[in-house]
Amino acid sequence: MVSLVINIMRKYIRMKSKKAYYLYITPGIHDLICGKYLLFVIKISLFLFSIIFAYQYWNTKASILVSIFLVLSSFYNDLYSSYKQNKMLSLENSRRKDDQLKIARELTRNPIWRLPILSFPYIFLVPALFFVILLIKETEVSYSGIIDGLPVAKELFIDLLNPNWKLLPKAITLYAKQTVEIALLGTIIAFCISLPMSLCCSWNLMNKNYITKSIYYPARAIVVTIRAIPTFLLGLIFVALVGLGPFPGVLAIIVFSCGIMIKLFSEAIENLDAGLMESVYASGGTGLHNIKFVVLPQSISAIIAQTLYCTEINVHSATVLGLIGAEGIGLPIHEYLTSLSYHNASTFIIVTIAMTIIIDYSSSFIRNNILLK
């Protein structure tokens, strides 16, 4: 029914469009004529959003001015699109070379009435600006709060430049070491779980029959559910289950990493050349042969690279988990910052930054010099 109404509108507008350019006043009408229904719906929706926003947050006059501006802008751009379209039709229908050259020159040059400042797609820019303003209002962004916090930021910055180096051995040998251990153990266990699970979540391996499909959809749903839970929330849950210490941090890293790794590994497997997999089946091989001789050899480099990337993320996550009692280097940072002992916290922050840089460069070195050779 909806498509019938749209087709009737399109035919009517097409009949009138050659002479009645006033029909272009409605944003998106030119797209409707050209059969770009989705773009037509998007432009109408953005137009209505802009009017409602201006009316809601300002007043009626503002909404009227915004609507007039968007209508004129849309009319101007649609008129230019129609001008170009008509010139292209004239070029196609013209049989004389002189006329074709003349029209081709006109197409390479903009008409006199075409001004760059009026040619911007305001039907997209204005709603985008309004959306950003809406987000600023809803999130209660306060510039005065930033200004009021500058003295505290200055004090923090001065103390961060004067760390207590006496705490450095403890920060490295105890807390940084513990953070890396949590991240590495969680990543290794998650890798062992994720690799076989990613095979069950790869559509090109599991779309063969109803049995494999019945495994694929529940496995995919479980992975999506796991990925929807933040690491911080997982840490809180496991702290409540097993108590304080590094163990809940390891459990949180394992669960979160499984959600990320399975997604990344399955996408790497799904991007493999389908021809190689079909050749294995054509030669009498089974799904296990396909995994052994095609999937793992072709995707192992990408899987290792993604595992290194997840390791970097897990080091950051292990640092944050210390704020909720999962220990690691985040625990002393939280304690010193809450007690306003910024110079002591500075030591652990510097160690965290150095640890992150070392891990980042190490993983980049492995990816560039080992995996690519």
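The values are calculated or read from the model by the stated rules, or taken from the named source; none is laboratory data. Because the structure is predicted, anything quoted here is derived from the model rather than measured. In this analysis, Cβ positions are derived from the backbone assuming ideal geometry, glycine residues included, and neighbour counts consider all displayed protein chains. For the accessible areas, the whole protein counts, side chains as well, though only heavy atoms, and no ligand, DNA or RNA atoms are used. Shrake-Rupley method; radii C 1.70, N 1.55, O 1.52, S 1.80 Å.
Is there a residue in the stretch 354-363 that is modelled with pLDDT under 80, surrounded by 14 or more Cβ atoms within 10 Å (Cβ to Cβ) and of a type outside the set (D, E, K, R)?
Yes, there is a match, as at least one residue in the stretch 354-363 is modelled with pLDDT under 80, surrounded by 14 or more Cβ atoms within 10 Å (Cβ to Cβ) and of a type outside the set (D, E, K, R).
What about Ser301, is it of a type in the set (Ser, Thr, Tyr) and out of contact with any Asp or Glu (no Cβ under 8 Å at 6 or more places or on another chain)?
Against the criterion (of a type in the set (Ser, Thr, Tyr) and out of contact with any Asp or Glu (no Cβ under 8 Å at 6 or more places or on another chain)), Ser301 qualifies.
Restricting attention to the stretch 111-120, and to residues there that are within 23 Å of Gly28 (Cβ to Cβ) and either small (Gly, Ala, Ser) or open to solvent by 90 Å² or more (accessible area, probe 1.4 Å) (or both), which single residue is modelled with the highest pLDDT?
This residue is Phe120.
Of all the helices (runs of 4 or more DSSP H) wholly in the stretch 224-299, which have at least 1 residues that are surrounded by 13 or more Cβ atoms within 10 Å (Cβ to Cβ) and among the β-branched types (Val, Ile, Thr)?
Those helices (runs of 4 or more DSSP H) span 231-242, 246-270, 274-282.
Of all residues in the stretch 109-149, which are under 16 Å from Ser50 (Cα atoms) and not β-branched (Val, Ile, Thr)?
Within the stretch 109-149, Pro121, Tyr122, Phe124, Leu125, Pro127, Ala128, Leu129, Phe130, Phe131, Leu134, Leu135, Lys137 meet the criteria.
Can Arg105 be described as at pLDDT below 75, part of a helix (DSSP H, G or I) and either open to solvent by 50 Å² or more (accessible area, probe 1.4 Å) or within 26 Å of Cys34 (Cα to Cα) (or both)?
yes
Output the number of residues of the stretch 170-187 satisfying the condition of being of a type in the set (Val, Ile, Thr) and over 32 Å from the mean Cα position of the chain (by Cα).
Residues flagged as of a type in the set (Val, Ile, Thr) and over 32 Å from the mean Cα position of the chain (by Cα) within the stretch 170-187 amount to 2.
Of Ile146, Ile123, Ile172, Ile136, which residue is touching a residue at least 24 places away in the same chain (Cβ under 8 Å), open to solvent by 40 Å² or more (accessible area, probe 1.4 Å), in a helix (DSSP H, G or I) and among the β-branched types (Val, Ile, Thr)?
Exactly one of Ile146, Ile123, Ile172, Ile136 is touching a residue at least 24 places away in the same chain (Cβ under 8 Å), open to solvent by 40 Å² or more (accessible area, probe 1.4 Å), in a helix (DSSP H, G or I) and among the β-branched types (Val, Ile, Thr), namely Ile172.
I'm told Gly328 meets every condition in (1) at pLDDT below 80; (2) open to solvent by 20 Å² or more (accessible area, probe 1.4 Å); (3) not hydrophobic (A, V, I, L, M, F, W, C) except one. Can you identify the failing condition by its number?
(2) is the only condition that Gly328 fails.
Could you check how many residues of the stretch 176-208 are touching a residue at least 24 places away in the same chain (Cβ under 8 Å) and over 21 Å from Ser299 (Cβ atoms)?
10
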